[in-house]
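See below for the structure under consideration.
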Amino acid sequence: MNKLKLYGVPNSPEIYPIRDFLKRSVVDFDWVDISHDNLGWGQGITSFNNPYKHPVIEFPDGKVIVNPSLEQIACNLGWITKPKYKEYDLSIYGAGPAGLSAAVYAASEGLKTILVEREAIGGQAGTSSLIENYMGFPQGISGAELAERARQQALKFGVEILLLKEGIKGSFSDNRIHVDFASGEKLVAKSNICATGVEYARLNLLDENRFFHKGIYYGAGASEAFFCQDRDIYIIGGGNSAGQAAVYFSGFAKRVFMVIRKGNLSDTLSEYLVQRIGSIGNILVLYNSQVTELDGDDYLQKIKIVNSQDGSENWRETSKLFICIGGKPNTDWASETAICRDRNGYLYTGNDVIGLDKYRDCWNLDRPPYHLETSVPGSFAAGDVRFNSVKRVASAVGEGAMAVTQVHQYLAKL
């Protein structure tokens, strides 16, 4: 069977999102670098003028798209569908570990379920190159592969999956959630689970936007590892995602520098990763440090690192900076609803809701909220998006399953 082929220039800002999406979606493809010649062009490709300007994708059936959008790619792979039903028992937003877990359990227990994801299956966990502390995988498993297995399992039980769908408005009425998508479609469900996770934070530095996908990347997508060979790369962050990325990239890069603000890794990193990083010779940790400036012409060329203890400032040459620091939850959609959030945007659930002034104004049931239920009856939250949640894959999977149990309890009383 012919594989999908992706043609492009390695450093093109247009090519990274495509490579990252295909890698996270576990799509097998051949990458063809056309920087120097066109010897790798496939049949039918050479007829395009100026092929060096934009990425070109060739599908196994011979169809060719110049500068494809992610929506076009997903559509040609048969992934994007429209909702089949006017109303669902459960709509789930976010296809990370919590959302996928909820989808599998809900559909397997007979609920008419739809799962909506605005990016790639797997969420932030899908970018993890190797998760080694998830039960049942002693050799570890990549976040993308774990997510793909869950996706297939969800489909087996009849879950509808809408990819690359972003809601522009959500509202609650008549004991239903009503969502309007940017595409013009509407979705109605009797209950819902928010599992939208968090986004990586920005550094908010001058020129950060200018170098986006031109040397600066949020998260550490495994798709970029091949293009880090024999280079010095820098990863900002001291959490598990940053540690996993450092270990993985160390097999490709000349040296991997982890830039962290604290004086040790053990406060934020699992012990097995602390030991692993300490045993790999080409991973160097820059403690008490932060990146304060960026520089380069068309692409990132160097970064300034400041040490908070001795005040030293050093410019380091690099063309790859991966930012893996904690971000804000994806809950902007809730700002115009009765759902209660903390000042950072995390969703309050269960007992954390009861003590809020706003709760008394919007909760109209005799019973208190279930443990994972928000301040709106029938609307639940699971995983990283929830206030005081444990930021681990296993706990997100557990919360997804638990939320479905509480959805059943809610629906039984409608």
- Item | Set of lysines with alpha-carbon distance to Lys169 below 16 Å, sequence-local pairs under 8 removed | Lys186
- Highest-first arrangement of 190-197, 396-403, where packing means the average Cβ count within 10 Å: 190-197, 396-403
- Message: What's the ranking of 110-122, 322-334, 67-79, 372-384 by average number of surrounding C-beta atoms within 10 Å, highest first?
- Response: 372-384, 110-122, 322-334, 67-79
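Exceeding 23 Å between C-alpha atoms, which entries from my cross-link table qualify? They are Lys84/Lys156; Lys23/Lys302; Lys82/Lys190; Lys63/Lys86.
Lys23/Lys302; Lys63/Lys86
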- Item | Set of aspartates and glutamates near Lys165 by C-alpha distance (under 13 Å), chain-local residues within fewer than 8 positions excluded | Glu71, Glu117, Glu119, Asp180, Glu185
- Protection-proxy order for peptides 233-245, 129-141, each taking the mean of Cβ atoms within 10 Å per residue, highest first: 233-245, 129-141
- Relative contact order, percent, of segment 216-323 when contacts are C-alpha pairs under 8 Å separated by at least 6 residues? 30
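Here, each number is a calculation from the coordinates, and none is a lab measurement. All values derive from a computational prediction rather than experimental measurement. We place every Cβ from the backbone using ideal geometry, glycine too, and count neighbours over all the protein chains shown.
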